[in-house]
Amino acid sequence: MKLNYDRKSKDPTYFIQQGIRNGKKVTTKNIKRIGKHSELLAITDDPLAYAKEQVRLFNEQVKEGKVEIQFKIDFEEKLVASGNITSKSQLKNIGYFPRCWQTGRSPSPAMT
């Protein structure tokens, strides 16, 4: 985990980020929001040092296996029940033929 903030901003927001490998590419995800610079000034005189300390503590908690992460879940949201094992979202990008049905055109002879 590492500390991330916009160094050019007048009031940066501090985040704890985690690097995630997806095949050969590496991306980062914000795991926890520490707070804005102006908010942290109410807690401490040096917000950057405070944020670095929070990252260090979070890394220790990860090593010990005692990390607390909160999720927001909307129980009012209805999910479509299906017997499929795969996600329905995989059906969105399936190519040219469903588009032909929407426009009423027939597929080109090269496609058949």
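What the table shows:
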read-out	value
Whichever residue in the stretch 48-58 is out of contact with any strand residue (DSSP E or B) (no Cβ under 9 Å at 6 or more places or on another chain) and of a type outside the set (A, V, I, L, M) and, among such residues, is surrounded by the fewest Cβ atoms within 10 Å (Cβ to Cβ)	Arg56
Single match in Ser89, Ser82, Ser106 (criterion: more than 20 Å from Phe15 (Cβ to Cβ), assigned to a helix (DSSP H, G or I) and modelled with pLDDT under 70)	Ser89
Long-range neighbours under 9 Å by Cβ, at least six apart or interchain, first residue under 13 Å from Leu40 (Cβ atoms) within the stretch 1-20, second among the β-branched types (Val, Ile, Thr) and outside any strand (DSSP E or B)	Leu3/Val55; Tyr14/Val55
The stretch 38-58, residues that are in contact with a helix residue (DSSP H, G or I) (Cβ under 6 Å, 6 or more places away or on another chain) and among the aromatic types (Phe, Trp, Tyr)	Tyr50
Candidates Ile31, Ile16, Ile43, filtered to the one that is in contact with a Phe, Trp or Tyr (Cβ under 7 Å, 6 or more places away or on another chain) and surrounded by 11 or more Cβ atoms within 10 Å (Cβ to Cβ)	Ile16
Breaking point among (1) over 22 Å from the mean Cα position of the chain (by Cα); (2) at positive phi; (3) at pLDDT 90 or above, for Asp46	(2)
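The values are calculated or read from the model by the stated rules, or taken from the named source; none is laboratory data. Model, not experiment: these values are computed from the prediction. We place every Cβ from the backbone using ideal geometry, glycine too, and count neighbours over all the protein chains shown.
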